[in-house]
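Q: There's a structure below that I have some questions on.
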There are 2 protein chains.
Amino acid sequence: MSKLVIVGTVAFDAIETPFGKTDKILGGAATFIGLAASQFHVDAAAVSIVGGDFPQEYLDLLSERGIDISGVEVIKEGKTFFWSGKYHNDMNTRDTLATELNVLADFNPKVPEDYKDAEVVMLGNLHPNVQMSVLEQMDTKPKLVILDTMNFWMDCALEELHNVIKKVDVITINDEEARQLTGEYSLVVAARKIHDMGPQYVVIKKGEHGALLFHDDNVFYAPALPLEEVFDPTGAGDTFAGGFAGYLAKSGDLSFENMKNAVIYGSTLASFCVEKFGTERMVNLKPNEVHKRLQQFKQLTQFEIELA
Amino acid sequence: MSKLVIVGTVAFDAIETPFGKTDKILGGAATFIGLAASQFHVDAAAVSIVGGDFPQEYLDLLSERGIDISGVEVIKEGKTFFWSGKYHNDMNTRDTLATELNVLADFNPKVPEDYKDAEVVMLGNLHPNVQMSVLEQMDTKPKLVILDTMNFWMDCALEELHNVIKKVDVITINDEEARQLTGEYSLVVAARKIHDMGPQYVVIKKGEHGALLFHDDNVFYAPALPLEEVFDPTGAGDTFAGGFAGYLAKSGDLSFENMKNAVIYGSTLASFCVEKFGTERMVNLKPNEVHKRLQQFKQLTQFEIELA
């Protein structure tokens, strides 16, 4: 088993969907990534920052699942990062209602000493300079660095984003963002251009349409499980990334064939995440439920045409 | 091997895409369905209508591939159905520039005597009353009736459409049309509602995002092959349906497991169709190319997670 470092936000979210709305609940990329990765009982540490307003029980939730939180800085006099959004009826688009950076504005990530030799680093969606700072703190070169990002950084920190993209092995990005980053409509062409920017592996997330994994001339397509209803998509992408990173950290096998499995685990966990508001479903997720859904994924995609 | 009856248009298309434009070329649902089904060397007959302006070489093209064209009526003094469309840059949306029904306006389909005992009937996109007329001409109840339709008939002949939907085993329909037909955004819920309208099997085509096959509580997801570029999407849905129907007619096995294979064959053939204008790619398609692409589909979707 490899050690896993996770950097990302730990936050308050307030969410409105056609099914209802929440007050401030637990959210943030590192939270969703950590909860997903914890399904694999990995040796993981979260690197993040919160304010004095952040409940201890939320931090306990991560540490009870074996996530080292010594790298989660608490600024007593500060306020926790807050995001609020409202999803449209199709659940594929959303409006951001509020973004309060608060303590995140001056976040200098600090990787715990024990994790500076981690083999796997998961750079959750954050300013590219923060992501880069984590990489620079590593004593040994990680075997696998995974980066998640979003269009916001393409708009306001493109050069810094390119600098960190150069340094990573895997990028996870959604389809519209892949198009924005490359100016290419075809995802095959976009993936090749991103590959040329640095990452050997490109994962393009397509929401309800699944995810594509590209590596050289190889492609793998993991569908999303068709769901009766998507209750709240918040955190689905982070959960996907956390499942992907957690599975690879656990197995230690970084081959393309095993990365296919990592994509399936990521998709499987993401399919749970969207069933309830925020982290609710992930917090209560049982191993036998995961196992059953993996079987559903097999039935969903496997066929028996015999080919010579 | 089962006999297969195909009803649909045989037509002229004029197509404009970001890659170029064509004059009047060979098109029509029955043409694409027939070309796809002919890959399986099935015993098939096309039921359609053309005008005196329709070149004999186009008809020969179908009969050379073993499609019985005795059910393709030629109205010497009439003109062939003509459709013209222009695709937008994303290739997912198009404007219809012209629709000239011509001989199609008075089409009374005539199933050849030899095919009134066919086990498989493929009702290509046409007025639901024409589709119904074909069903009524069958002497024996077919083992499998597959219906393809589109939003146009929901707008102008919804009651007639519901009447024929009641009579079929499989419906193939695209995602937006499934939503329109049911008023449901979730494709899982939409499929269940369509199931309640009659068809035991519901295939929802999602273009570049693949296709879903629903049966009771079972779902199968065939991705579309990620392509560098889609040259011309015209006929892709018909080609999918033709591959699906042709494979099932050939194998005679109508189980859900085998229908998964039929969906994969349909997707595979459709992935060729879009590579060139109109029927060009399908006319020149070689069996070894199909075999190679099926292998790509396997690599694209198969994974090795061992589950107890």
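Q: For B:Val47, what residues show an amide H to amide H distance below 5 Å, using hydrogens built from the backbone and excluding near sequence neighbours?
A: Here the answer is B:Ile6, B:Val7, B:Gly8, since their amide H atoms fall under 5 Å of that of B:Val47.
Q: Now, a different point. For segment A:34-134, with only Lys/Arg (+1) and Asp/Glu (-1) charged at the beta-carbon, what is the dipole magnitude about the Cα centre, in debye rounded to 20?
A: Around 320 debye, computed over segment A:34-134.
Q: When the convex hull of the Cα atoms of chain B is projected onto a plane and the area is averaged over all directions, what value comes out in nm²?
A: Details: hull surface 62.4 nm².
For chain B, the mean projected area of the Cα convex hull comes to 15.6 nm².
Q: Pop a pseudo-label 7 angstrom from the Cα along the beta-carbon direction at both B:Ser251 and A:His291 and give the gap in nm to one decimal.
A: 3.1 nm
Q: Further question on the same structure: Just to confirm, what accessible area per residue do you get for segment B:45-131 at 1.4 Å probe, in whole Å²? Display every interim value, and only then the final one.
A: Working: 4110 Å² over 87 residues.
Value returned for segment B:45-131: 47 Å² of accessible area per residue.
Q: Now for a separate question. At A:Gln200, label 7 Å along Cα→Cβ: distances to the other copies, nm, ascending?
A: The answer, with the shortest distance listed first, is 4.9 nm.
Q: Provide the net charge surrounding B:Glu16, with neighbours chosen by a C-beta distance below 13 Å and charges set as Lys +1, Arg +1, Asp -1, Glu -1.
A: 0
Q: If you put +1 on each Lys and Arg Cβ and -1 on each Asp and Glu Cβ, how big is the dipole of chain B around its Cα centre, in Debye rounded to 20?
A: Around 320 debye, computed over chain B.
Q: For segment B:294-304, what does the Karplus curve 6.51 cos²θ - 1.76 cosθ + 1.60, with θ = phi - 60°, yield as ³J(HN,Hα) per residue in whole Hz, taken in order and with x for Gly and Pro?
A: For segment B:294-304, the Karplus-derived couplings read 4, 4, 4, 4, 4, 4, 5, 10, 8, 9, 10 Hz, x marking Gly and Pro.
Q: Can you tell me how segment A:115-260 classifies by the Cα gyration tensor, rounded, prolate or oblate, using a/c under 1.5 as the rounded cut?
A: Taking the square roots of the gyration eigenvalues as a ≥ b ≥ c, segment A:115-260 is rounded.
Q: Give me the accessible area per residue for segment A:153-241, probe 1.4 Å, as a whole number in Å². Walk me through the numbers on the way to the answer.
A: Details: 3300 Å² over 89 residues.
Per residue, segment A:153-241 has an accessible area of 37 Å².
Q: Ordered by residue, what ³J(HN,Hα) values in Hz, to whole numbers, does segment A:247-254 give under the Karplus form 6.51 cos²θ - 1.76 cosθ + 1.60, where θ = phi - 60° and Gly and Pro are x?
A: 4, 5, 5, 5, 7, x, 8, 9
Q: Shifting gears a bit: Which ³J(HN,Hα) values, rounded to whole Hz and listed in residue order, are derived for segment A:86-101 from phi using the Karplus coefficients 6.51, -1.76 and 1.60 in 6.51 cos²θ - 1.76 cosθ + 1.60 with θ = phi - 60°, glycine and proline given as x?
A: 10, 8, 7, 4, 7, 6, 9, 10, 8, 10, 7, 8, 7, 9, 10, 4
Q: Give me Rg over Rh for segment A:1-127, both radii from the alpha carbons and Rh done the Kirkwood way, two decimal places.
A: Answer for segment A:1-127: 0.99.
Q: Would you compute, from DSSP H runs of 4+ residues alone, the mean residue ellipticity of chain B at 222 nm, taking -39500 (n - 2.57) per run and dividing by the full residue count, rounded to the nearest 500?
A: Theoretical 222 nm ellipticity from helices: -11000 deg cm²/dmol.
Q: With the label 7 angstrom out along Cα to Cβ, how close does A:Glu16 come to the same site in each of the other copies, in nm, nearest first?
A: Label-point distances to the other copies, shortest first: 4.3 nm.
Q: Just to check, using Stokes-Einstein with a Kirkwood Rh over alpha carbon pairs, what's the diffusion coefficient of segment B:191-308 at 4 °C and 1.567 mPa s in µm²/s?
A: For these conditions, the coefficient is 87 µm²/s.
Q: Give the residue from B:Ala236, B:Ala262, B:Val274 lying farthest towards the positive end of the charge dipole for segment B:229-275; charges sit on Cβ (+1 for Lys and Arg, -1 for Asp and Glu) and the dipole is referred to the Cα centre.
A: Result: B:Ala262.
Q: Give me the orientation-averaged projected area of the Cα convex hull of segment B:157-231, in nm², one decimal.
A: The number I arrive at for segment B:157-231 is 5.6 nm².
Q: I want the local charge near A:Leu158. Using Cβ-Cβ distances under 15 Å, sum +1 for each Lys or Arg and -1 for each Asp or Glu among the other residues.
A: Numbers: positive: A:Lys166, A:Arg179, A:Lys193; negative: A:Asp155, A:Glu159, A:Glu160, A:Glu177.
Result for the neighbourhood of A:Leu158: -1.
Q: Rounded, prolate or oblate for segment A:209-272? Axes are the square roots of the Cα gyration tensor eigenvalues, ordered a ≥ b ≥ c, and the cut-off for rounded is a/c under 1.5.
A: Note, shape of segment A:209-272 comes out oblate.
Q: Something else: Where both partners of a DSSP beta bridge lie in segment A:65-213, what percent of those bridges are antiparallel, to the nearest 5?
A: 45 percent
Q: While we're looking at this one, here's another question. At 20 °C and 1.002 mPa s, what whole-number value in µm²/s does Stokes-Einstein give for the translational diffusion of the protein assembly as shown, with Rh from the Kirkwood sum over Cα pairs?
A: Working: Rh = 25.8 Å.
Rounded, D is 83 µm²/s.
Q: If you don't mind, there's one more thing I want to ask. Could you put B:Leu61, B:Leu158 in order of accessible surface area, largest first, with the 1.4 Å probe and the full protein assembly present?
A: Values: B:Leu61 35, B:Leu158 75 Å².
So, going from the largest accessible area down, we get B:Leu158, B:Leu61.
Q: If you take every DSSP beta bridge whose two residues both sit in the protein assembly as shown, what share of them, in percent to the nearest 5, is antiparallel?
A: Bridges in the protein assembly as shown that DSSP calls antiparallel: roughly 40 percent.
Q: Classify segment A:73-132 from the C-alpha gyration tensor, please: rounded if a/c falls under 1.5, else prolate or oblate depending on whether a/b exceeds b/c.
A: Oblate shape, in that a/c is at least 1.5 and b/c is the bigger or equal ratio.
Q: Which value in nm describes the separation of the simple spin-label points at B:Glu136 and A:Asp196, placed 7 Å from the Cα toward the beta carbon?
A: 6.0 nm
Q: How far apart, in nm, are the 7 Å Cα→Cβ label points at A:Glu306 and A:Glu159?
A: Output for this residue pair reads 6.2 nm.
Q: Could you tell me which of B:Ser133, B:Val111, B:Ser84 has its Cα farthest along the dipole of segment B:59-167 towards the positive end, charges placed at Cβ (Lys, Arg +1; Asp, Glu -1), taken about the Cα centre?
A: Farthest towards the positive pole: B:Ser84.
Q: Considering only A:Lys76, A:Lys86, A:Lys260, give the residue with the highest GNM mean-square fluctuation for chain A, with springs between Cα atoms whenever their separation is below 10 Å.
A: A:Lys76
Q: Now a separate question. Which net charge results for the neighbourhood of B:Asp117, defined as the other residues with beta-carbon distances under 12 angstrom from its beta-carbon, given Lys and Arg at +1 and Asp and Glu at -1?
A: Taking every Cβ under 12 Å from that of B:Asp117, the sum is -1.
Q: Same structure again: About its Cα centre, what dipole magnitude does the protein assembly as shown give when the only charges are +1 on Lys and Arg Cβ and -1 on Asp and Glu Cβ, stated in debye to the nearest 20?
A: Rounded to the nearest 20 debye, it is 560 debye.
Q: Sticking with this structure for a sec: Could you point to the residue in B:Thr9, B:Ser251, B:Val168 farthest towards the positive end of chain B's charge dipole, with +1 and -1 charges on the Cβ of Lys/Arg and Asp/Glu respectively?
A: Towards the positive end, the residue furthest out is B:Ser251.
Q: Moving to a separate point now. Considering only the label points, 7 Å along Cα→Cβ from Cα, what distances in nm to one decimal separate A:His162 from the same position in each other copy, shortest first?
A: In nanometres, ordered from closest: 5.9.
The values are calculated or read from the model by the stated rules, or taken from the named source; none is laboratory data. Computed from a predicted structure; not experimentally measured. FYI the Cβ positions are ideal-geometry reconstructions off the backbone, even for glycines, and counts take in every protein chain you see. Ligands, DNA and RNA are excluded from the accessible area calculation, which covers all protein heavy atoms including side chains. Shrake-Rupley method; radii C 1.70, N 1.55, O 1.52, S 1.80 Å.
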